[in-house]
Every structure is written in C-alpha cells, then in structure tokens.
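What follows is one structure encoded as structure tokens, with my remarks underneath.
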Amino acid sequence: MSPPEHTHRPVDAHDQALTHRYTVRFPEHAPREGDPHYAAFSAYRRHFLPGALCYVGQRAGASQCTDDRPLELHHATLEFAVVNAVSAEALHRDFPEISEHATAEEIAAWAESSPGQFRWLCQFHHRGHGGAHTASHADWTAQLYVPELIE
C-alpha cells in the first residue's frame, strides 16, 4: 500500500487575534531615580538621540512608527527592574564579557552602559501593542523582517 498523497496548498493570508496573559514576578528593586547607573543611560540617550531611528522601522519599514513622538531607549537584554536578580552564570553564557561570578552591581553597570544593550524604538514598537514590552518575543522579532506583521 502506498502512502497517501498529500496536497500542499498554501494557506491564504489571514488575520489572527492573539491574547497573552501571564504574571511577571519582579524582584525587589530600588526606584529608577535612585539607580546610580542612570546617569550613564541618560548620557547615552542624549549623545545618540540626534539622528536615531526606530530599530524596527529601519528594517521592515517605518509605516507603523510613531514618528510624531520622541524615540524611546529600550534595554535589549535586561530591564532595570530585574538586574539585581540575574544569574551571572546564565548571563555569562550569552555575554562572556560578564564574569560568571559578577555581582548584581557589576551586572547593573553593564546593563546601563553597554551600547549593544540599547535599542531606539518608537512608542508603537516599544510600548504599543506591537511593542517589545507587549508583543510576544517571536512576533516582535518577526516584525523586524515582515512589514506590518502586527496591526
């Protein structure tokens, strides 16, 4: 008996509504204003803002970018609220410049002052429904290469 013959037809373009709901357990942390590394973050922001473009918009087109509002600086790897709970060993695997025995203070300094840790994003691609803080990682990353993936 021969295996069944499969017909491979393309799936028509379609929209699909998605809802993600989960709880994030943020560790205890100081208020952002009290962060001793905030000055480095602010200095980076002031220095590189002129001429900056949305990280997503540069790749797949800026039709969804909220260009009428100031760009926002996004921490690409670690947000301020979680740096004091990071596993140095886990971070070291992806970022070998960080010691596997790094202290929370050393990790915070790295997260706030390393240029590769920042992404300029328009408000839509940062905090909007197509944003790094809102869309799933798979969808947010895919929209770097698929124009208008998230509506």
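What follows is calculated from the coordinates using simple rules that are stated; it is not laboratory data. Keep in mind the model is a prediction, meaning the values are calculated, not measured. Note that we place each Cβ from the backbone using ideal geometry, even for glycine, and neighbour counts take in every protein chain shown.
Please state the relative contact order of segment 35-142 as a whole percent: Cα pairs under 8 Å, 6+ residues apart?
RCO, segment 35-142: 34 percent.
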Problem set entry | Residues with amide H under 5 Å from that of F118, placed H, sequence gap 5 or more | A76
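If r is the Cβ-Cβ distance from R9 to A60 and R0 is 22 Å, what FRET efficiency results, to the nearest 0.05?
On the way: r = 27 Å, r/R0 = 1.22.
For R9 and A60, the calculated efficiency is 0.25.
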Problem set entry | Hz values of 3J(HN,Hα) by residue in segment 62-70 - Karplus curve (6.51, -1.76, 1.60), Gly and Pro given as x | 9, 4, 9, 5, 8, 6, 7, 10, x
For this session: Subtract the Cα-Cα distance of L18 and D67 from 0.36 nm times their separation in residues, and report this length gain in nm to one decimal.
Result: 15.1 nm
For this session: Pop a pseudo-label 7 angstrom from the Cα along the beta-carbon direction at both A43 and H129 and give the gap in nm to one decimal.
Result: 4.1 nm
Seminar exercise, completed: Taking Cα atoms only, helix 38-48 is inclined relative to the longest principal axis of the chain by an angle, in degrees rounded to 10, of 60 degrees
Exercise. To the nearest 20 debye, what charge dipole does the chain have about its Cα centre, counting +1 at the Cβ of each Lys and Arg and -1 at the Cβ of each Asp and Glu?
Worked result: 240 debye
For this session: Please name whichever of A104, V86, H125 sits farthest to the positive end of the charge dipole of the chain, dipole taken about the Cα centre and charges placed at Cβ: Lys and Arg +1, Asp and Glu -1.
Result: H125
Exercise. For Rg/Rh (Cα atoms, Kirkwood Rh), the listed values are [x] 1.61; [y] 0.94; [z] 1.09; which was obtained by calculation from the structure presented?
Worked result: [z]
Problem set entry | Degrees, to the nearest 10: 104-113 long Cα axis against longest axis of the chain | 70 degrees
Problem set entry | Residue of P96, P36, P115 that the Gaussian network model of the chain assigns the largest fluctuation, springs spanning Cα pairs under 10 Å | P96
